[in-house]
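Note sheet for the following structure.
The values are calculated or read from the model by the stated rules, or taken from the named source; none is laboratory data. These numbers were taken from a predicted model, which means no experiment stands behind them. Cβ coordinates were reconstructed from backbone atoms using ideal geometry, including for glycine residues, and neighbour counts include every protein chain displayed.
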Amino acid sequence: MPVAERPDEVPERSDEVAERSDEVLDKVPVEALGLRRRAARGMLINAVFLGGLTSLGLIKGFIVAAFLSRSDYGVWGLLVVTLGTLGWLKQIGVSDKYVQQSDDDQELAFQRAFTLEILFSGAFLVLAAVVVCLTGVLYRRSELLAPGFALLLTIPAYILQSPLWVFYKRMEFLRQRRLEVLEPIVGFAVTVGLAIAGAGYWSLIVGMVAGAWAGALAILRASPYRLAFRYEPGTVRQYVSFSWPLAVAGVGGIVVAQSSIIAGSAVLGLAGVGSITLASSIVLYTTQVDQIVSQTLYPAICAVADQPKLLFESFAKANRLGLMWGVPLGVAIALFTPDLVDFGLGARWRPALALIQIFGLIAAADQIGANWDDYYRARADTRPIAVVSIVTMFACVATAIPLLILDGLTGFGIGMAFAAAVGIAGRIVYLVRLFPAFGVLRHSTQAILPTVPGAVVVLVLRLFDGRRTVALAIVEASVYLLITAAVTLWVERPLLREVKGYLRNPRGPVLSA
């Protein structure tokens, strides 16, 4: 895909294009608008969409947890971890490679990628069906078979959602998100309605299937390219070369998740699995800003992958934005989870308290260099991603699983913290190789510092607490939020001022050097 030699060089007609309506803008290729303007505009769109999506998912999780028992939630946890983590193996980089390529005939390039998606998904469907059967045998729970096979109905739906890749590559984020919004809304409505009606874990199953197919039908109707089967052996080799390390990385993630669930089920039963599932779902909220920035910048990173200085600046600023959100929220989870359990989820979730707190701190630390893999994918060098995943997997199996057996959920959390530290160390090694000027200590300290005063004040206030009440918890949370926000505004004011300028003037240099 042709781009200007410098990312701030916008084609001559960009001013004329800028005056058109949003509907017309979304039909113009990314090069006609300039990477900078698209990135600024996309950041806002993705922030609204992903923020709403994650919040909706979090609210749905809390509502469903209130109507489901820990055992019912454990059944859902077994299925979502078994099939969801197996899905990491399916996501072996077809969409990433499609975005990274720059063929002359983009419709043909999409059809080639779509063909590979059909082939990989077909093989995955067979594998997933076998895994569902093995899961029922392994856990000796025949009740897993029917909902497991029902979840497989989402696979063809996600194949039909492939046209979203085109809008993503063009950085047409508004059109992409308009099409994606139907799935979570339908899923939320169906899931919550069935949960209230007493459908148990089936509310989650039916909601997920209904949402996936509602989204697929809307996306299929809006596809800019004709869906066709175009198989070419050369394309397979090209995609496999890019994707096999991502598949290996997916295997590492599967082993971590599956070993955790298997050990948790064997030692603690379905209630323990439910606790691990809930802890994982809550802390996913801390990755919100990192997802927003990474998903917005990846197409732009691919377009300027041969400009090291620009890449480094975009990485440093994007990761600081992720840390700015993830660290305070992760620490807040650690500080206020007891209140969440006592005044919200209920006493039956107290055994998961320490695990959720540890996972919150893990999620905060995991923001350090969290978007590193986007830069290696953009350079078509995906092997480091596999290396870090496998090293993290071995660290988890060697520590988290034995500690779970010895000390239950708390021991498991401690082991996962060690494995996360190993993974962070691995990514830092590769970041320094890619960006020799990257100073991890200075970079991380500047982002973590604003969280410290608010946390200290809350801990000091608790020394004088009497009987714990909802009002007291709200006051402490408000104090933490205000202090952390104020210190962040002071410490990161140059970066925030720059971001504010981008949002006020979307034609400005989003990735300015």
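Looking at (1) within 23 Å of LEU68 (Cα to Cα); (2) modelled with pLDDT under 90, find the lone condition where VAL209 falls short. Unmet for VAL209, out of (1) within 23 Å of LEU68 (Cα to Cα); (2) modelled with pLDDT under 90: (2). Looking at this structure, is PHE173 surrounded by fewer than 20 Cβ atoms within 10 Å (Cβ to Cβ) and either among the aromatic types (Phe, Trp, Tyr) or at pLDDT below 90 (or both)? For PHE173, the condition - surrounded by fewer than 20 Cβ atoms within 10 Å (Cβ to Cβ) and either among the aromatic types (Phe, Trp, Tyr) or at pLDDT below 90 (or both) - is not met. Within the option set ALA378, ALA370, being modelled with pLDDT under 90, in contact with a Ser or Thr (Cβ under 9 Å, 6 or more places away or on another chain) and closer than 27 Å to VAL251 by Cβ holds for one residue only, ALA370. Within the range 398-423, restricting attention to residues that are without any contact (Cβ under 8 Å) to a residue 24 or more places away in the chain and of a type outside the set (Val, Ile, Thr), the residue that is farthest from ALA364 (Cα to Cα) is LEU406. Condition check for ALA473 on (1) under 30 Å from SER260 (Cα atoms); (2) in contact (Cβ under 8 Å) with a residue 40 or more places away in the chain: one failure, at (1). Surrounded by fewer than 19 Cβ atoms within 10 Å (Cβ to Cβ), out of contact with any Cys (no Cβ under 8 Å at 6 or more places or on another chain) and among the small types (Gly, Ala, Ser), is that true of GLY207? No: the conditions fail for GLY207. Restricting ARG226, ARG230, ARG221 to those that are of a type outside the set (Val, Ile, Thr) and either under 28 Å from ILE385 (Cβ atoms) or modelled with pLDDT under 80 (or both) reduces the list to ARG230. Within the range 116-158, the set of residues being of a type in the set (D, E, K, R) and either surrounded by 14 or more Cβ atoms within 10 Å (Cβ to Cβ) or under 30 Å from PRO233 (Cβ atoms) (or both) comprises GLU117, ARG141. For the range 95-115, the set of residues classified as over 25 Å from the mean Cα position of the chain (by Cα) and surrounded by 15 or more Cβ atoms within 10 Å (Cβ to Cβ) consists of GLN106, LEU108, ALA109, GLN111, ARG112, THR115, listed by residue number.
The residue that is nearest to LEU58 (Cα to Cα), among those in the range 328-351 that are of a type outside the set (D, E, K, R) and surrounded by fewer than 16 Cβ atoms within 10 Å (Cβ to Cβ), is GLY344.
Results for (1) of a type outside the set (A, V, I, L, M, F, W, C); (2) part of a helix (DSSP H, G or I); (3) modelled with pLDDT under 90; (4) closer than 22 Å to GLY330 by Cβ, shown as yes or no for each residue.
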{"residue": "GLY426", "(1), (2), (3), (4)": "yes, yes, no, yes"}
{"residue": "TYR430", "(1), (2), (3), (4)": "yes, yes, no, no"}
{"residue": "PRO436", "(1), (2), (3), (4)": "yes, no, yes, no"}
{"residue": "VAL456", "(1), (2), (3), (4)": "no, yes, no, yes"}
{"residue": "LEU459", "(1), (2), (3), (4)": "no, yes, no, yes"}
{"residue": "ALA477", "(1), (2), (3), (4)": "no, yes, no, yes"}
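Does the range 280-287 contain any residue that is among the small types (Gly, Ala, Ser), modelled with pLDDT of 80 or more, buried (at least 16 other Cβ atoms within 10 Å of the Cβ) and within 24 Å of the chain's Cα centre (by Cα)? Break it down stepwise before answering.
In the first step, residues of the range 280-287 are kept if they are among the small types (Gly, Ala, Ser); the result is 280-281.
Narrowing further to those that are modelled with pLDDT of 80 or more: none.
No, because not a single residue in the range 280-287 is among the small types (Gly, Ala, Ser), modelled with pLDDT of 80 or more, buried (at least 16 other Cβ atoms within 10 Å of the Cβ) and within 24 Å of the chain's Cα centre (by Cα).
Among the residues making up the range 312-327, a single one is more than 18 Å from the chain's Cα centre (by Cα) and either free of Cβ contacts under 8 Å to residues at least 60 places away in the same chain or surrounded by 22 or more Cβ atoms within 10 Å (Cβ to Cβ) (or both): SER314. Criterion applied to ALA364, ALA386, ALA354, ALA370 was being outside any helix (DSSP H, G or I) and either surrounded by fewer than 24 Cβ atoms within 10 Å (Cβ to Cβ) or within 21 Å of the chain's Cα centre (by Cα) (or both), and the one residue passing it is ALA370.
Can you tell me which residues in the range 437-474 are among the hydroxyl-bearing types (Ser, Thr, Tyr), under 27 Å from the mean Cα position of the chain (by Cα) and surrounded by fewer than 16 Cβ atoms within 10 Å (Cβ to Cβ)? So that I can check it myself, show each step before the final result.
Residues of the range 437-474 among the hydroxyl-bearing types (Ser, Thr, Tyr): 444-445, 451, 469.
If we keep only those that are under 27 Å from the mean Cα position of the chain (by Cα) as well, we get 444-445, 451.
Listed by number, the list holds a single entry, THR445.
Among TYR231, TYR239, which is the only one that is touching a residue at least 60 places away in the same chain (Cβ under 8 Å), surrounded by fewer than 20 Cβ atoms within 10 Å (Cβ to Cβ) and out of contact with any strand residue (DSSP E or B) (no Cβ under 9 Å at 6 or more places or on another chain)? Checking each option against the conditions leaves just TYR231.
Remark: pairs (first residue in the range 374-397, at negative phi; second residue hydroxyl-bearing (Ser, Thr, Tyr) and in a loop (DSSP other than H, G, I, E, B); Cβ separation under 8 Å; 6+ apart in sequence or on different chains) = TYR376/THR382.
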